[in-house]
1. Which numbered condition trips up Q476, out of (1) under 19 Å from D565 (Cα atoms); (2) in contact with a Lys or Arg (Cβ under 7 Å, 6 or more places away or on another chain); (3) more than 15 Å from the ligand (Cβ to nearest atom)?
2. What's the number of the condition I371 fails, among (1) more than 18 Å from A258 (Cβ to Cβ); (2) assigned to a helix (DSSP H, G or I); (3) not charged (D, E, K, R)?
3. If we keep just the residues of the range 443-459 that are surrounded by fewer than 23 Cβ atoms within 10 Å (Cβ to Cβ) and among the hydroxyl-bearing types (S, T, Y), which is farthest from the ligand (Cβ to nearest atom)?
4. Among residues belonging to the range 235-256 that are of a type in the set (A, V, I, L, M) and in a helix (DSSP H, G or I), point out the one that is farthest from T194 (Cα to Cα).
5. Do the conditions hold for V505, that is, is it over 27 Å from L573 (Cβ atoms), of a type outside the set (S, T, Y) and within 16 Å of the ligand (Cβ to nearest atom)?
6. Could you say which residue among L183, L219, L241 is of a type in the set (A, V, I, L, M), at pLDDT 95 or above, within 16 Å of the ligand (Cβ to nearest atom) and crowded, with 17+ Cβ neighbours inside 10 Å?
7. Looking at the range 113-130, which of its residues are touching a residue at least 40 places away in the same chain (Cβ under 8 Å) and either polar (S, T, N, Q) or in a strand (DSSP E or B) (or both)?
8. Pairs needed: first member in the range 273-290, β-branched (V, I, T); second member anywhere, surrounded by 18 or more Cβ atoms within 10 Å (Cβ to Cβ); C-beta distance under 6 Å; at least 6 residues apart or different chains.
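The values are calculated or read from the model by the stated rules, or taken from the named source; none is laboratory data. Values in this document were obtained by computation on a predicted structure and should not be read as measured data. So basically every Cβ, Gly included, is an ideal-geometry build from the backbone, and we count neighbours across all protein chains shown.
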Amino acid sequence: MQAVAQVKMEAKMKAFKMTDAVRGFTFGDPVPTETVILEKQYREDTLPFSVEVAEGKGRFSLPLTKEDRVYGLGPNLGGINKRGRCYESYCTDDPLHHEDKTTLYGAHNFFVLEDADVATGFFIDFPGRIRYDVGFTAMETITVEISGEDFDLYLIEGGSIKEIVRSFHEIIGKSYMPPKWGLGYFQSRWGYKTEEEVQEVYETFKSQDIPLDGIYLDLDYMEDFKDFSLSKERFPNFKKLTQELKEEGVRLIPIIDAGVKVEEGYNIYEEGIQGDHFVKDAEGKPYVAAVWPGKVHFPDFLKKDTRTWFGDQYKMLTDLGIDGVWNDMNEPAIFYDETALQEGVDAAMAAKGENLGVNAFFSLRDKFMNIGNKEEYYRRFFHTIEGKTYTNEAVHNLYGYNMTVSASEGLKKHLQKRHVLISRASAIGMHRYSGLWTGDNSSWWSHLSLNLRMMPALNMSGFYYVGADTGGFGGQVSGELLTRWLQLSVFTPLLRNHSALGTRVQEPYAFHEPLVSYNRAQIKRRYMLLPYLYSEMLKVHEKGGLMFSPLAFEFFGQEAQEAEDQMLLGEELMMAPVVEANKKGRYVYLPESMALVDFDMEEVTLTKESAGVTYMTYDLKDLKFFLRRNRLLPFTLPVGNVSKEDLTTLRVLGYVDTEASYTLYDDDGESYGYEEGKRFETHLQVRRLEDGELTIDVQSTHPKIQTVIFTLMDDSGDIRIKEVQIGL
Ligand code: GLC
């Protein structure tokens, strides 16, 4: 970033310092968002560029040189390098997000601008809409427009992008850590209508020998889409089903929506009215919107006592044996509100019998076609924070975030162990309470590559327990696309195959052979990688930083900067998935020599690949990736689900020319002990001496691991296998 000489000190601006790397500037009187957990130490400072604050807006522009790159902004469209398009931070339900769209489900206002010499992080702590024009209108300018005069602007300076991300994570606090079973394979579909169907899904996974850790329950388990209700007709034995499946190591994970059905006699509605828990319209009455159940009220999650009240409702589910939930429609999504519907109906009545001109027709059509999530709805209901009233629009991005805080607190209180929790809407800060899925994507190849590109930006915002709807939510998946998607999703911490009502079925077994065998193999390989993935999750939880990094964060050069379809996972792996149709392989850029891993269940093979561009064959049946030089990768044999994990024998792949080490983190997988550093560590170290001999050292506090089998390749491509007994 080029510092701008001109400095305009705003009258209402106060400067503060937070850590050595983080300073900030408060404009006006910002809404407390609780995104940042450290204290501000106010002091004198100058902002190195000018920020205009006027007429209800804050605005700043920064110059972009040709070489500058911009990273971050969370779950958004566009590339890993965000240049060349516009984005908006305003949590929005957009089930058909194609190239033109600027808003998605999350609002993450952290980005890093990197030029040839220096990287600078920016975080805007503001809960309303922010627009980013990242070199779109003018290629050499980034402009940020904040829709309010009250906000905190943070600058994070010093070091590489990775260091900037870590400094940012220090100020926003540690991330949510799921239980280990949360890293298993999950099957979901909007359309499992009865408990028999759910049972059948489970039975099919079992008979087809496909591992499974959970089945997500969509709306149909509820009665009339009412939160915290059960359909007596479709799920008469909910508790029994939940418990029987849990004994087999398979969890049910029900959905909870933000809107509470307006219905007299319905306990949640009645309690909400009595406790004054719903957001209000301009007349002070509970605001009426329509979502799945028809008319709903929205709990005011921005109020602490409402969060506690709603959070306690999750006990109804935990009492039934539920250990995980997904929070949905919490942007909040609105199908229509009463005013808009009335306007449409009035316009239609007025048009009756008229000879409509084209403009009148389109205007009438728009009244219904564009009736969902209209901007004005969010100006029609209000929240009160610390005695001040705000339209939802002004604090919009805090809504889903606080629904999730509510769920997290409730689940934590009512379960004595860790739970799975994912939310659709998100903002930074929520990362301390849950993971997320990236919302309603489609069964498109472009959304498969979007899934990959979103991963580092999500990590930058502190979200690690993330994944997309594998196979795509909307649209018709082809067998080829699902298998390719699994080849990517086996690496993402949240691995959930989910699809919409009415779309082609996409369970891994719903295709013809050999695809079913390929899908089975992919999912089994996920379980083989589990020790590593879980260890990496525990590490980023503790230390912050990135689990998924673009090559550009680690290597110099234009090739690394532009390789947006490859990704580093941890310090060990490089993924290079196939994200296009009809391919039998792909070109891969190797910034250094690496081992190509053919991760086959029968036999894992390593092949040395030199730095440069290489063509890799990559069939649908394969799982291929790269192991970096002087790195080790622990893995194990596949099991039916996490409850059956067997770590007696740990396997390790290594590409070791001189020396490599890895510390495998593990824990009991379900308690909060990790918060106090309670974990098992297995230190693996391999040294290659001058005469070519190998020395191997294993130190482990893990109660289960007894044997470690190393498969080690050197620079000449030779492979040696060594077995180490622990304690001998
Ligand atoms: C929303 C969710 C989707 C879910 C559907 C029905 O579109 O994003 O995952 O299946 O609602 O509940």
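1. Condition not satisfied by Q476: (1).
2. Condition not satisfied by I371: (2).
3. Here the answer is S449.
4. Per the stated criteria, the residue is L245.
5. yes
6. L219
7. Across the range 113-130, the qualifying residues are L113, E114, A119, T120, G121, F123, D125, I130.
8. Taking only residues 6 or more apart or on different chains, the pairs are V279/Y287; V279/F298; V279/D300; V279/F381.
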